[in-house]
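The values are calculated or read from the model by the stated rules, or taken from the named source; none is laboratory data. Bear in mind that the values here come from a model prediction, so they are computed numbers and not experimental data. Cβ placement follows ideal geometry from the backbone for every residue including glycine, while neighbour counts extend to all protein chains displayed. When the accessible area is computed, the model is the full protein with side chains, heavy atoms only, and any ligands, DNA or RNA have been set aside. Shrake-Rupley method; radii C 1.70, N 1.55, O 1.52, S 1.80 Å.
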Amino acid sequence: MLIRSLPLLRMSAERLTASCVLFLLIACNHVFWQKLIAAQQPDSFGGWFFVGVGFVFLFLLFNAILTLIALPYVFKPVMSAILLITPFVVYFMSQYGVMINAQMIQNAVETNPAETRDLLTIKLLVYVLLLGVLPLTMLWRTSIHFRPFQRELLIKVGVLGGSFLLIGLIAAGFYKDFASLFRNHRELRYLLAPSNYIQAASSYLKKNAALKPVIVEPIGQDARLGATWAKTVRPSLTVLVVGETARAANFSLNGYERETNPELKKIDGLINFPDFHSCGTDTAVSVPCMFSMFERSDYSDEQAKSHQGLLDIMQRAGLQVSWRDNQSGCKGACDRVPNESTSQQPDPALCRDGECWDEMLLKNLQTRIDAISRGQKSAVLVLHMMGSHGPAYYKRYPAQFERFVPACKTNQLDRCSQREIMNSYDNTLLYTDHVLASLVKTLQQNTDKLNTAMVYMSDHGESIGERGLYLHGSPYVIAPDFQTHIPALMWFSPQYAQSRGLNAACVKQHAGERYSHDNLFHSMLGLLDVQTREYQRGLDMFAACQIKTAL
């Protein structure tokens, strides 16, 4: 009824395209203009004139593009798609400081239903209604007046010619200024809608189209267990824990003023690595990257999908490898080893609304340990945590771990104070501390059966309001340290260290050096004495502290 009550409008194609461009630039790009003005800091007529020239330049450019598609049966469907997608992009940019690139598109595609539910809010619905449904309704209530073909063509040529002439003049007069602005503030290109998500989606689709069909190239086909294993009497269990969204700055083990690691700090022999850095700023990059043989500088999604990884080599060498997931999957890292998700057999005591707390990863761990002991075959178990995944931080921990209060109890972070958001985030780290400490205690209790060890590192960090950014996923080149500086911990039972020829005191002495996900692949191969040509001693964190010939 509301749609029918709106008057039927009649507009020429050029007036409608101009109106659409003005709507996009004014209503849908407030984040872009805020960042541009903050970067330019206009304090005089000349400064504001430059901002005005930028507006005119973008208007002319967008208008020229829409003019090209202002054709019968073409313009309205294309513009409808833009009006339906743009509100979602604007919402996430304005609420969380998200920047839109191809990696962010991949994150959206790979997000599971539970994560999607956490992002749905009433405010998002308001954005969609005001910036999407309302203008879309007006668009379809507008009748486009197309003139006879020759006259319409002549007008289009005139509009395009005039637009490109003015664009050329502006570029000639302000090229250096614009080039300097966008070179020094690269984030601006990721904030201009709809060009940001159109370009990002195009890059993502091109990249994925080029990957079909994917032929996975074997690596480490010469892999075998080294001589140290012949001297090993008992089997070993190495538990590699992949954290989620934990940032080093909020670990009290790294000097954070709040006690977020009260249980871990009491564990004898725990080694903390305070200067550890991630390969990416989101799970879709970091997880496959950390398990690949490629360093961050050489890594690409194509490389990861077309090559086997760390788990394949360890399995080929003869280790029993498995992956247990409490997140959105292993992103290809565990595709060829036994893997399972906590969602397959949820425990009502640990799971709510399709999501499980991370203690679910430890369920039946003792049963696994007993089986390894009976089978006498050394194993590597990877646990992928839900950790501190936002924005619904309050869902990541049981009520008894809500010690920092008041906590933010909504996924709409703009409804909470900065203190409340930080409280809920720190509570997630308290719970991670508990899960990891419980894991180590279980491993300690079984040292009479197995040689046990734990290696933990987060996949990436998190922004919690610093510089107006929330969550993660910023382009790496401009990402704040909070998104890339991650916690990393290790614990080795004395029997494990002895069997691996590892001097734990030496490892602790070197723990303050700078490390990254680049080191994981080669360090695990070295630690487990997996002999292969793919191994690089220079990237092995343990190389200086491991004496294999002594065994």
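In region 134-160, which residue that is among the polar types (S, T, N, Q) and more than 43 Å from the chain's Cα centre (by Cα) is nearest to Ser19 (Cα to Cα)?
Result: Ser143.
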Are any of the residues in region 138-151 open to solvent by 20 Å² or more (accessible area, probe 1.4 Å), under 30 Å from Ser343 (Cβ atoms) and β-branched (Val, Ile, Thr)?
no
If a residue must be open to solvent by less than 10 Å² (accessible area, probe 1.4 Å) and either modelled with pLDDT under 95 or assigned to a loop (DSSP other than H, G, I, E, B) (or both), how many such residues does region 226-246 contain?
6
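Conditions (1) touching a His at 6+ places or on another chain (Cβ under 7 Å); (2) part of a loop (DSSP other than H, G, I, E, B); (3) open to solvent by 30 Å² or more (accessible area, probe 1.4 Å), marked per residue:
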position	(1), (2), (3)
Lys449	no, yes, yes
Met454	no, no, no
Gly473	no, yes, no
Val477	no, no, yes
Gln495	no, no, yes
Val507	no, no, no
Gly526	no, no, no
Met541	no, yes, no
Ala544	yes, no, yes
Given Leu119, Leu36, Leu68, Leu131, which one is among the hydrophobic types (A, V, I, L, M, F, W, C) and modelled with pLDDT of 95 or more?
Leu131
Can you give me the number of residues within region 509-523 that are in a helix (DSSP H, G or I), open to solvent by 20 Å² or more (accessible area, probe 1.4 Å) and in contact with a Lys or Arg (Cβ under 8 Å, 6 or more places away or on another chain)?
1
Cβ-Cβ under 7 Å, sequence separation 6+ or interchain: first residue in region 305-320 and assigned to a loop (DSSP other than H, G, I, E, B), partner open to solvent by less than 30 Å² (accessible area, probe 1.4 Å). Which pairs?
Gln308/Ile219; Gly309/Phe291; Gly309/Ser292; Gly309/Ala333; Leu319/Ser378; Leu319/Ala379; Leu319/Val380; Leu319/Leu528
How many residues does region 55-72 hold that are closer than 21 Å to Tyr190 by Cβ and either out of contact with any Leu (no Cβ under 7 Å at 6 or more places or on another chain) or aromatic (Phe, Trp, Tyr) (or both)?
6
